[in-house]
2 protein chains.
Amino acid sequence: MSRVLLALFGLALAAGAARADEGMWLPNDFPADKVQAAYGFKPDAAWLDHARLSAIRLAGGCSASLVSPNGLVATNHHCVRECLTQISRKGEDTSATGYLAASPAEEKRCTAIEANRLIDVTTVTERIRKATEGKTGADFASALKVETAAITKECAGGDDNLRCDVQSLFRGGRYDLYKYRRYQDVRIVFAPEDAIADFGGDPDNFEYPRYALDVGFLRIYENGKPLDSKDGYFHFGEREPLPGEVAFTIGNPGSTERLFTVAQLDEERNVTLPRTALYFAEERGILTEFTRRGPEQRRVGEASLLGVENTLKALRGEWEALSEPALIEGKKTAEAALRAKVAADPELAKSSGTAWDDIDAALKRHSAIADRAFAMATLRGASRLLNDALILVRAPVEQAKPDGERLEEYSAARFPALRQRLLADQPIAPDLEIVTLGYWLGKVREILGPDDPAVHKLLGTSSPEQLAETLVKGTKLGDTATRKKLLDAGAAGVGGSNDPMIAFARLVDAEARPVRRQLEDDYDAVLDAAGGKIARAQFALYGNSTYPDATFTMRISYGAVQGWDEAGKSIQPLTRIAGAFDRATGAEPFKLPERWVAAKGNLTASTVLDFATTNDIVGGNSGSPVIDRHGDVMGLAFDGNFKSLGGDFGYDPALNRTVAVSAVAIRESLAKIYGAKALLDELGTVTH
Amino acid sequence: MSRVLLALFGLALAAGAARADEGMWLPNDFPADKVQAAYGFKPDAAWLDHARLSAIRLAGGCSASLVSPNGLVATNHHCVRECLTQISRKGEDTSATGYLAASPAEEKRCTAIEANRLIDVTTVTERIRKATEGKTGADFASALKVETAAITKECAGGDDNLRCDVQSLFRGGRYDLYKYRRYQDVRIVFAPEDAIADFGGDPDNFEYPRYALDVGFLRIYENGKPLDSKDGYFHFGEREPLPGEVAFTIGNPGSTERLFTVAQLDEERNVTLPRTALYFAEERGILTEFTRRGPEQRRVGEASLLGVENTLKALRGEWEALSEPALIEGKKTAEAALRAKVAADPELAKSSGTAWDDIDAALKRHSAIADRAFAMATLRGASRLLNDALILVRAPVEQAKPDGERLEEYSAARFPALRQRLLADQPIAPDLEIVTLGYWLGKVREILGPDDPAVHKLLGTSSPEQLAETLVKGTKLGDTATRKKLLDAGAAGVGGSNDPMIAFARLVDAEARPVRRQLEDDYDAVLDAAGGKIARAQFALYGNSTYPDATFTMRISYGAVQGWDEAGKSIQPLTRIAGAFDRATGAEPFKLPERWVAAKGNLTASTVLDFATTNDIVGGNSGSPVIDRHGDVMGLAFDGNFKSLGGDFGYDPALNRTVAVSAVAIRESLAKIYGAKALLDELGTVTH
């Protein structure tokens, strides 16, 4: 990232205002005037409401949109990949071959996917503020939880089909209530072969120009029938994106750290990013070599490998961005200016003046438990069996508590999604589980040291590999009915279980709980409270016209179809189908599917395949519709360029680009390669 | 590393004087007075000469010492591990089982080991200065090479049994000529099982307390007979090290960066260390999983895995040290003070004032080729077959040039060691070669990008894995006779070869040469010239009483047997054999060899096994004798504690510790476990 441009971040934040095209805007605080000023088009309330209702969040971490009146949902292939693995049975590899439901009956259920449709957003800042006023640390955390539980309970009214989340925004500066309609019956309609969906693989990931057809279609069902979505869906476009035209994304960016203090950024660069990147780099090696053991290992391990590779490349990009001295210098300047203004205003000094010191103190406290916290946090990707066992152990304990005292994923609002994933009928790959669980156990020993009491308790006299093998081979939790029985049986059932994975999960729970409690009370709560103070000072000094850090809630970005200049080269915004054939070498990951090779002569080579835009998105936005001023889908965002990875810490209008697959390429391939006539008919024709 | 102590680094460097126990001192500039002041013992010239003659350098990267009048050499197990693999044939795993030559005839040759005995050191600074005076960049590099070649040629006088190296010290501040006797007939005498040599494995590596018997014995042969070393060898001690007593190491620390400028340290922290650590972390994963494919893969892959793990942990330690803000702040203060003094002195300002800017400019130029340089540098660990092919391709080209114009490893002084490694009779493991070569090729593509012309040239339309397999399966270079034939045939022979690995090495050579030339002329030469200017300013301002950065040449350190206090805990300097049994879990890497378990009752449990000292050593010192004031071996240095890894950038007397295996534990195990009576007899009895 150029130093000059990065320096601008600081200025932008200092002024509290977003730069051209920057921003992941709240749907209930969208800067329509700015769009008008920049692009001569002002989205009105109806346009925004329609966009909100047409957008879909996939609770596992993706974005999507309704594209027909019958619940048809467009998203990325990499957002449905897990489902493709799940519907594959021995000898099948749906992810490799692609999938097209030839009839409605063949639309197979993705048992782990929950879809959310946002039906309302309201602000509850004052309510939360009142409940937490004057409280700190554990008291603050507890009061926040209790009030959140009360608000979400009122909102959902006991209806499990509603999901209500209270979301902290601006790092504690504002709290909004998101009310979603929840759908857990989501089925697969279409996905191309992963060789074209992920054409270019890791080498091309987060790069541009790009030639990938990263699309998948799902359908939401309600009461066993396709959802009636006449009230809100996007038309699936039939024309090329035009360089320079305005483009919007509606999606759910996962998380950014643009409002971090300098101390937090230093921690990120010096501790968090390096350790996390090293963890995933080694796991990438493990999984790469695992998938080479044979075709079956490749089938079961590839999704994990791709996930790890994607994370690793993202971390590398963030790290490079943070290692640019100009970025930190810019942040330092902005922070110093803000602190000086706060100090000069007696009222602000009183309300917000201690916030930075509070954060410094929290970071210092955190360093004492950072190792343990990291060891426990990495459990998440270690083993489905162990994570399932942990849910089974925790669920009865947590559900016996009042809603406001539970670990948040066991709250009334969130547990249904957790329960769905727990009971999803997904085949287990024991070999892969042994490898990834063994890796995690080895890392826990490495991080805490072989003499740590927790390590002694978890490993006993076993090696990590031995223990992983014993647990995976001994457990019955791979069987969905067994998990359901244990979950339904509650405390007594799980308590009486002698399943080795359950027994081990009890040990893990005992080690993980105190760390989590400490994190929530001494760290997260302090950061939330201090972040709130800083945000209020910023609102007071610079006004309210900015956007909060990403929180995997709905955000709308605006920008334009546009390339960029870098290192003396001018990168064009559009790629075409012909380019994929030019790039193909015949060797993975540059090997086109056979059906593409065979159809080459039929395809219109000049069809736009992928395109770049200036929209400001990050991970979580995958699958977001990229729509034009009419609200028609021009394409589906599936990636960003490498410089977009610095987007965690700021937006650089000159270099940060969203990468999307075009609607016209999707239509072209559905028609000429996949013979998906019914699907094309359903996508219909754009009439305006 | 504690912040207070790190801050002291800066002060020490600012004053140009080393702190208590700090220093990797030149044998021809040893601060005997300092030892006298600290420990009441002053090594005289005879003591130092005897130490120098008794010490041995293993050219592959280790240290060692003569411990009998008949050429017996003590070093670490991990320094002879490669030889153990080499002498193993299918079905054998000498590294796992250990090895004891029951008779002289069973002392098998380690065909890749070259041993060097330092017979003289002289200073040639003025000669080099005169030859390079006023020159910069490529001219400087070329003049330096030509003069170096002339000096070494005079020194060796055409005798291949002599090895003469001109060594830049103080980063260009001084040049010394090292004259070694070279021995290429080195044979294995004894090594214990790797389960005890490396007890604790990676978890315990760079940690302390420690319980490892990291020892191996070699014998140097001359004209087919054991070397007569009556003129210089150490007595192998028979008593415990005493806490507080003075201890010396004589060895060859590989490299440190203590004289780096702040800009160089920033580059190290922000670019070099992270990228290198990530490279090795991923390779660790690859090799870990490779060694799990089966016992044969484990046998052939374990040495590579251990090497990668060792490097990775070292990089992590260096990184943590450099991420302590206090270290960089201390260096900044010291550098600013030095620059101010230089600026204030008109003469120094003229001779040395531009040095820092020269370095900054070189770093900036370097960043343009850093990716390419890194991609080519990592080739070294990628594949023996490819590296051998590259030597075969380059050797005739280089040897046709005057000595002063060759790539340095092809110079008259250095080529014999390269030739020996090339022709060493070591079995190739094709599976492992495919994996590591494929990894490197994939990384080259990742680093340079799939669209880079070099990547196109190297990979063509193959994937990295496909190409690696084709090359490894197609080459005949695994056969030692084939390599010898090609080497002997010279340019015509290699030129006519259609071996695919030779053909590929030609492509690699074409890509690697210009990068290397650019590095040597635009970067190394500038740093050497600028480093020389800074060093001369330091000598002028602070006097000559310090030591240069490590250069894998002989250094003597002094210190004491001593533990340390850290995080409220007091770590004792000695561990005992009983501790190994306490630590054993029965699972690797905490599994003791069967012979140890069986012999438990016979062993004297209180025998000192390992011990810590304050000696200032780094990688390359492995195998260094730790001797007492009498010149008796108390033990063999094999490691440092975790904080010692910060030793790359400075020495912290409170926390930096050397870790050694005791001579008494070696004797105890030779007597009671390995039945090595002849070896014990040869080690003899200490009479003084």
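The values are calculated or read from the model by the stated rules, or taken from the named source; none is laboratory data. Since this is a predicted model, take the numbers as computed values, not measurements. Counting neighbours? That spans all protein chains shown, and the Cβs are built from the backbone with ideal geometry, glycine included. These area figures cover heavy atoms from the full protein model, side chains too; ligands, DNA and RNA do not enter into them. Shrake-Rupley method; radii C 1.70, N 1.55, O 1.52, S 1.80 Å.
Would you mind putting B:257-266, B:39-48 in packing order, based on average other-beta-carbon counts within 10 Å, highest first? List each step's numbers first, then the result.
On the way: B:257-266: 19.7, B:39-48: 13.8.
With the highest mean Cβ count within 10 Å placed first, the list reads B:257-266, B:39-48.
Please list the non-local residues whose amide H lies under 5 Å from the amide H of A:G640, H modeled 1.01 Å from N, same-chain partners needing a gap of 5 or more.
A:F206, A:V659
Report, to the nearest whole %, how much of the accessible area of the range A:452-524 belongs to carbon and sulfur atoms, 1.4 Å probe, protein only.
55 percent
How big is the range A:88-246 by the Kirkwood estimate over distinct Cα pairs, in Å?
19.8 Å
Determine the principal axes of the Cα atoms in the range A:241-325, then give the extent along each, sorted from largest to smallest and rounded to whole angstroms.
The Cα atoms of the range A:241-325 stretch 45, 41, 21 Å along the principal axes, largest first.
Report the semi-axes of the equivalent ellipsoid for the range B:178-296 in whole Å, largest first, where each axis is √(5λ) for an eigenvalue λ of the Cα gyration tensor. Don't skip to the answer; put the middle values down first.
Working: eigenvalues 218, 121, 83 Å².
Square roots of five times the eigenvalues give 33, 25, 20 Å.
Once phi is turned into θ = phi - 60°, what whole-Hz ³J(HN,Hα) does the Karplus curve with 6.51, -1.76 and 1.60 give for every residue of the range A:404-417, x standing for Gly and Pro?
Rounded to whole hertz, the list is x, 10, 7, 4, 4, 6, 9, 5, 3, 5, 9, 4, x, 5.
Given H placed 1.01 Å from N in the peptide plane, which residues other than close sequence neighbours of B:F236 have an amide H under 5 Å from its amide H?
Distant-sequence amide H within range of B:F236: B:V633.
What is the Rg over Rh value, at two decimals, for the range B:25-86, using alpha-carbon atoms and the Kirkwood definition of Rh?
Taking Rh as the inverse mean 1/r over Cα pairs, Rg/Rh reads 1.10.
Amide H to amide H, which residues 5 or more places from A:I571 or on other chains are under 5 Å from it, using H placed in the peptide plane?
A:W564, A:D565, A:E566
Using alpha carbon coordinates only, what is the Rg to Rh ratio of the range B:400-545, with Rh defined as the Kirkwood radius?
The Rg/Rh ratio comes out at 1.08.
Suppose we look only past 17 Å in the calculated P(r) of the range A:169-217. What percent of the Cα-Cα pairs does that tail hold? Present the calculation step by step, with values, prior to reporting the outcome.
On the way: 726 of 1176 pairs.
The proportion of pairs with Cα distances above 17 Å equals 62 percent.
Taking the Cα atoms of the range B:362-459 alone, what are Rg (to one decimal) and Dmax (as a whole number) in Å?
15.6, 43
In Å and whole numbers, how far do the C-alpha atoms of the range B:359-408 stretch along each principal axis, longest first?
On the principal axes, the range B:359-408 reaches 36, 29, 12 Å in Cα extent.
Using Cα pairs closer than 8 Å and at least 6 residues apart in sequence, work out the relative contact order for chain A, in percent. Provide the component values of the computation, followed by the final result.
Numbers: 1337 pairs, mean separation 183.6, N = 688.
Relative CO of chain A lands at 27 percent.
Report ³J(HN,Hα) in whole Hz for each residue of the range B:176-187, in order, from the Karplus equation J = 6.51 cos²θ - 1.76 cosθ + 1.60 where θ = phi - 60°; Gly and Pro get x.
After applying 6.51 cos²θ - 1.76 cosθ + 1.60, I find 10, 9, 9, 10, 10, 7, 9, 10, 10, 9, 10, 10 Hz.
As an exercise, find the ratio Rg/Rh for the range B:459-553 from alpha-carbon atoms, using the Kirkwood inverse-distance average for Rh. Could you put the intermediate results ahead of the total?
Working: Rg = 21.9 Å, Rh = 17.7 Å.
For the range B:459-553, the value is 1.24.
Binning every alpha carbon pair distance of the range B:548-671 at 10 Å from zero, what are the percents per bin?
Result returned by the calculation: 12, 39, 33, 15, 1.
Measuring label to label, 7 Å along Cα→Cβ, what does A:A46 give against each other copy in nm, shortest first?
Relative to the other copies, A:A46 has label-point distances of 10.7 nm.
Over the range A:64-196, what is the mean sequence separation of C-alpha contacts under 8 Å (at least six apart), divided by residue count, expressed as relative contact order in percent?
Relative contact order, the range A:64-196: 35 percent.
Please go through the range A:77-127 and write out the GluC sites (Glu not before Pro) that DSSP classes as loop and that have at most 15 other C-beta atoms within 10 Å.
Listed in order of number, the matching sites are A:E92.
Ignoring ligands, DNA and RNA, how do B:I666, B:I447 rank by accessible area with a 1.4 Å probe, largest first? Don't jump to the answer; show the numbers that get you there.
Values: B:I666 0, B:I447 35 Å².
Largest to smallest exposure gives the sequence B:I447, B:I666.
Take the Cα pairs of the protein assembly as shown, get the Kirkwood Rh, then feed it into Stokes-Einstein at 20 °C and 1.002 mPa s and tell me D in µm²/s.
For these conditions, the coefficient is 63 µm²/s.
Please state the relative contact order of the range B:628-688 as a whole percent: Cα pairs under 8 Å, 6+ residues apart? Show your work: numbers first, answer last.
Details: 51 pairs, mean separation 18.0, N = 61.
With pairs under 8 Å counted, the relative contact order is 30 percent.
List the residues of the range B:439-463 for which accessible area in the full set of protein chains is at least 40 Å² lower than for the chain on its own; 1.4 Å probe, protein heavy atoms only.
When all protein chains are present, B:R445, B:E446, B:P450, B:T461 each give up 40 Å² or more of accessible surface.
Can you list the copy-to-copy distances for B:S255, using a point 7 angstrom from Cα toward Cβ, in nanometres, shortest first?
Those separations, rounded to one decimal, come out as 3.7 nm.
Taking each label point as 7 Å beyond Cα in the direction of the beta carbon, state the distances from B:D228 to the same residue in the other copies, shortest first, in nm.
Ordered by increasing distance: 10.8 nm.
Do any residues of the range A:277-293 show a loss of at least 10 square angstrom of accessible area between the isolated chain and the full protein assembly, using a 1.4 Å probe, and if so which?
A:L278, A:A281, A:E282, A:R284, A:G285, A:I286, A:T288, A:E289, A:R292, A:R293
Computed on protein heavy atoms with a 1.4 Å probe, what is the summed buried accessible area for the chain pair A and B, in Å² to the nearest 100?
3100 Å²
Return, for the Cα atoms of the range A:494-622, the radius of gyration and Dmax in Å, separated by a comma.
Cα radius of gyration and Dmax of the range A:494-622 are 25.7, 67 Å respectively.
Mind checking the alpha-carbon convex hull of the range A:638-683 and giving the volume per residue in Å³? Intermediate values should be presented prior to the final figure.
On the way: hull volume 4.5 nm³, N = 46.
Looking at the range A:638-683, the number lands at 98 Å³ per residue.
Under a no-solvent Debye model with one identical scatterer per Cα of the range A:315-398, what's log10 I(q)/I(0) at q = 0.21 Å⁻¹?
-1.06
For the range B:158-208 and the range B:307-366, compute the distance between their C-alpha centroids and round to whole Å.
Comparing the Cα centres of the range B:158-208 and the range B:307-366, I get a distance of 28 Å.
Whole number in Å², please: accessible area per residue of the range A:182-340, 1.4 Å probe, ligands, DNA and RNA not counted. Before the final figure, lay out the partial values.
Working: 4870 Å² over 159 residues.
Computed with neighbouring chains in place, this is 31 Å² per residue.
Given the rotation relating A and B, tell me which residue in A puts its Cβ closest to the axis and the distance in Å.
Result for the A and B rotation: A:G285, 1.
Give the carbon-plus-sulfur fraction of the accessible surface of the range A:257-326 in %, rounded to a whole number; probe 1.4 Å, heavy atoms of protein chains only.
52 percent
How many nm is it between the label spots at B:D360 and A:A102, if each spot is 7 Å from the Cα in line with the beta carbon?
Distance between the two pseudo-spin positions: 7.1 nm.
With the solvent-accessible surface defined on protein heavy atoms using a 1.4 Å probe, which residues belonging to the range B:198-220 display a reduction of at least 20 Å² in accessible area in the multichain context relative to the isolated chain?
B:P203
Tell me, what are the semi-axes, in whole angstrom and largest first, of the equivalent ellipsoid of the range B:79-166 as set by the roots of 5 times the Cα gyration tensor eigenvalues? Please report the intermediate quantities before stating the final value.
On the way: eigenvalues 373, 50, 21 Å².
Ellipsoid semi-axes (Å, largest first): 43, 16, 10.
Express the C-alpha Rg of chain B as a ratio against the empirical globular expectation 2.2 N^0.38 Å, rounded to two decimals.
0.93
Which ³J(HN,Hα) values, rounded to whole Hz and listed in residue order, are derived for the range A:459-473 from phi using the Karplus coefficients 6.51, -1.76 and 1.60 in 6.51 cos²θ - 1.76 cosθ + 1.60 with θ = phi - 60°, glycine and proline given as x?
With the stated coefficients, the range A:459-473 comes to 8, x, 9, 8, 7, x, 5, 4, 5, 4, 5, 4, 5, 5, 6 Hz.
Run the helix sum for chain A: -39,500 (n - 2.57) per DSSP H stretch of 4+ residues, divided by residue count, reported at 222 nm to the nearest 500 deg cm²/dmol. Please list the in-between numbers first.
On the way: 27 runs with 331 residues, N = 688.
About -15000 deg cm²/dmol.
If you average 1/r over every pair of different alpha-carbon atoms in the range A:294-352 and take one over that average, what Kirkwood value in Å do you get?
It works out to 15.3 Å.
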